[in-house]
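The values are calculated or read from the model by the stated rules, or taken from the named source; none is laboratory data. Every value quoted in this text rests on a predicted model; they were computed, and no experiment measured them. We place every Cβ from the backbone using ideal geometry, glycine too, and count neighbours over all the protein chains shown. Each accessible area value is taken on the protein alone, full model and side chains, heavy atoms only, with ligands, DNA and RNA left out. Shrake-Rupley method; radii C 1.70, N 1.55, O 1.52, S 1.80 Å.
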Amino acid sequence: MASYTDRLTRFQESLNDQADLVFFPMGTDLDYLTGIHRDIPNYGRNLHPGMWLEGAWIAPGRDPILTVPRMTAEFGATGGLDAFDVRVLGDWDDPVALVSGILGEMAVGDTPKIAVSDDAEAETLIELQRLRPGVTFVSGTGLLRALRVVKDADEIEKLRDAGRITEAAFAATVKQMKIGMTELDVLSELDHQMKAHGSLGPSFTTSMYNTGPNITLEFGDKLKSWPRKLEPPTSVLFDFGAVLDGMCYDFGRTACMGAPSKEQLKVHRLIMESQAAGIAALKAGAATCEAVDKAARDVLVDAGYGHAFRHRLGHAIGWDVHEPPFLTKGDETLVQEGMIFTIEPSIFQDGDVSARVEDCIVARPGGGEALTGGFQDLIVIE
């Protein structure tokens, strides 16, 4: 089992001449390396003076330095800071002077190669370029990707536990569902149940894609779709996931409001068969991402529903919800043992019957290992 110290050491040793310095802001990359967990983000940003320097400065052969604004240090409740060399920027202190001192301390020359997270603020790069006009920026996320893409046993168990929370929240929500509830009623219950069962919050915006003869697909217009009542014969397609110890789950199932029609049963059966084919094809060392997508897609194409499968089969997942590589045509990445993917076939038909399913699946030599497996039958709400 890899510890955070092991990960950080491996990353520093891998840098060689790829970067003289790495800056990772509070976010996924830093979480993966140090266990300093990021929080659920806000819609509107809460800025503090010097926010652009909030993060860790990492160089080969040196202890990392963490820089944080006073507001983060006192009120951010960011766990794990006490294990590092932390420099706190006071509200009236000069962030440029603080970072300039760190660059000198880490012997960063006039023309350095500085790696930054893909999620770093543009302001960070602007300020660093002012301090070192000859700087070359590279992707720190890209340098870290080789370590992140294959999950160790500890990461797999963490994601399995996140899946347990996700399924428990779903089971509790299904028990509360009744005909005539609004979409907002159900979504709010799901978010509540995830937190009640131990999730920091949703790993992404909890979503439903609902269709039927009397209800159209609404992608992205939440204020329009939330008040809609779920009446027979609506197909209710769930898409959500819990967060646990820095890792993100992604899960989907389909429910039917009222007794299902033959078409609803058929469409649901087909997406379950498609997912089973994709899981079986997820053979480490023997299949490409493209081939896994094709194995699942062929089930729906052969049944005449290929046109309704409107997206890739899945994506890698772990510390972010969507990570590369992707189970899609054109991605010839060889699947490796320990990679974790969503396998999420769907049939989306506007004004008609739809269905989707989604689980996180670990790639193994003999095929995929599902981290969740409940609710295999079409859920019926009566």
Next on the checklist: Defining a contact as two alpha carbons under 8 Å apart and six or more residues distant in sequence, what relative contact order in percent does the chain show?
Outcome noted: 14 percent
Item to check | Where chymotrypsin sites (Phe, Trp or Tyr not before Pro) fall in DSSP loop in the range 75-155, at most 12 other Cβ within 10 Å | outcome: W92
Next on the checklist: If you roll a 1.4 angstrom probe over the protein chains with everything in place, what fraction of the accessible area of the range 305-361 belongs to carbon and sulfur, to the nearest %?
Outcome noted: 46 percent
Checklist entry - the range 365-382 to the range 144-205: how many Å between their Cα centroids? => result 15 Å
Item to check | Neighbour cut-off at most 11 other Cβ (10 Å), DSSP loop, chymotrypsin sites (Phe, Trp or Tyr not before Pro), the range 169-243 | outcome: F219
Next on the checklist: Can you tell me which of A242, A355, A120 moves the most in a GNM of the chain? Springs connect C-alpha atoms under 10 Å apart.
Outcome noted: A120
Checklist entry - Accessible area per residue, 1.4 Å probe, Å², for the chain: what's the number? => result 43 Å²
Item to check | Residue (of M71, V149, V96) at the positive-pole extreme of the range 71-183, dipole from beta-carbon charges | outcome: V149
Checklist entry - Taking springs between alpha-carbon atoms closer than 10 angstrom, which of D245, D302, D20 fluctuates most in the Gaussian network model of the chain? => result D302
Checklist entry - Remind me, relative contact order of the range 266-338 in percent, using alpha carbon pairs under 8 angstrom and six or more residues apart? => result 37 percent
Checklist entry - Considering only DSSP states other than H, G, I, E and B, which GluC sites (Glu not before Pro) in the range 227-333 qualify as loop sites with at most 16 other Cβ atoms within 10 Å? => result E332
Checklist entry - What residue among Q193, Q176, Q349 shows peak mean-square fluctuation when the chain is described by a Gaussian network model with Cα springs under 10 Å? => result Q176
Item to check | Exposed trypsin sites (Lys or Arg not before Pro) absent - longest run of the chain, DSSP non-H/G/I/E/B, at most 10 other C-beta within 10 Å | outcome: 46-309
Next on the checklist: Looking at the chain only, what percent of DSSP beta bridges run antiparallel? Nearest 5 please.
Outcome noted: 70 percent
Checklist outcome for this item: The answer for R364, listing residues at least 5 apart or on another chain whose modeled amide H is closer than 5 Å to its amide H, is A284, E369
